[in-house]
Amino acid sequence: MSVDKKSNSGAVAPASSRKVESTSPTKKIALAAVLVAVTVVLSPIHFYIGSSKCFPAQHMVNGIAGVLLGPLYATMMALFTGIIRNMMGIGTLHAFPGGIPGALVVGFVYRYVKKTDLAALTEPLGTVFIGATLSALVVAPYLGKAFTIAFWWVAFAASSIPGSILGYIVLKTLRMSGISDRLGLESALADEPNIKRKTGNKVKSNGK
């Protein structure tokens, strides 16, 4: 049985209008594992630039994970994806700076700046300016494939920009299909400010 809850104004708001709880840690871990598997399965879809395997699917999943899971779990997802890809011989050391920063930036933007699926499009900010710079200054020299920072920026952007756009499209598809709501994913709260305003208007009208 659902119980109605009184608002600050004294009016009664229906239980169905109350804020949905955030995704539980267990569900986030399970979803992160699924996204790791999806990313690894899509690993054959790549192209080479220098010593780096450009992998748009990684950036697509980074955008999805950052919005659905937040910065911590999205970062762990990218880390374990890089570890598994390297263990299987289908990735390089560039997978770490090329994957982790993008997921982290999307998670932070969604969590602390604005809860919108558009946060997925900020993935290249982490991948290009942080990840590519680290690859140019640390990973590439270690592998004996030194190139300029500008080269790595272009290489990583060629992969992360289309990948982030795909991630945004997938997120909007999940929302439009209702899958995110049925799974209780945190992304379903992306438009929460609008929901709050609508709920507030209903409460006020009920109190008239």
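Computed values, structure above
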{"read-out": "Boolean, Val106 is at pLDDT 95 or above, in contact with a Phe, Trp or Tyr (Cβ under 6 Å, 6 or more places away or on another chain) and surrounded by 17 or more Cβ atoms within 10 Å (Cβ to Cβ)", "value": "no"}
{"read-out": "Check on Pro124, modelled with pLDDT of 95 or more and in contact with a Leu (Cβ under 8 Å, 6 or more places away or on another chain)", "value": "no"}
{"read-out": "Leading residue by the ranking (farthest from Asp117 (Cα to Cα)) among those in the stretch 154-170 that are buried (at least 18 other Cβ atoms within 10 Å of the Cβ) and at pLDDT below 95", "value": "Ala155"}
{"read-out": "Test for Ile100: is it buried (at least 17 other Cβ atoms within 10 Å of the Cβ), part of a helix (DSSP H, G or I), touching a Leu at 6+ places or on another chain (Cβ under 7 Å) and β-branched (Val, Ile, Thr)", "value": "yes"}
{"read-out": "Val40 being among the β-branched types (Val, Ile, Thr) and at pLDDT 90 or above", "value": "yes"}
{"read-out": "Some residue of the stretch 174-191 being at pLDDT 85 or above, within 20 Å of Gly102 (Cβ to Cβ) and assigned to a helix (DSSP H, G or I)", "value": "yes"}
{"read-out": "Subset of the stretch 56-76 [crowded, with 20+ Cβ neighbours inside 10 Å, more than 8 Å from the chain's Cα centre (by Cα) and farther than 19 Å from His46 by Cα]", "value": "Tyr73, Thr75"}
{"read-out": "Thr133 vs. criteria within 19 Å of the chain's Cα centre (by Cα) and of a type in the set (S, T, N, Q)", "value": "no"}
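The values are calculated or read from the model by the stated rules, or taken from the named source; none is laboratory data. Predicted model, so just to flag it, every value in this text is computed and none were measured. Reconstructed Cβ throughout: ideal geometry from the backbone, glycine too, with neighbour counts over all protein chains shown.
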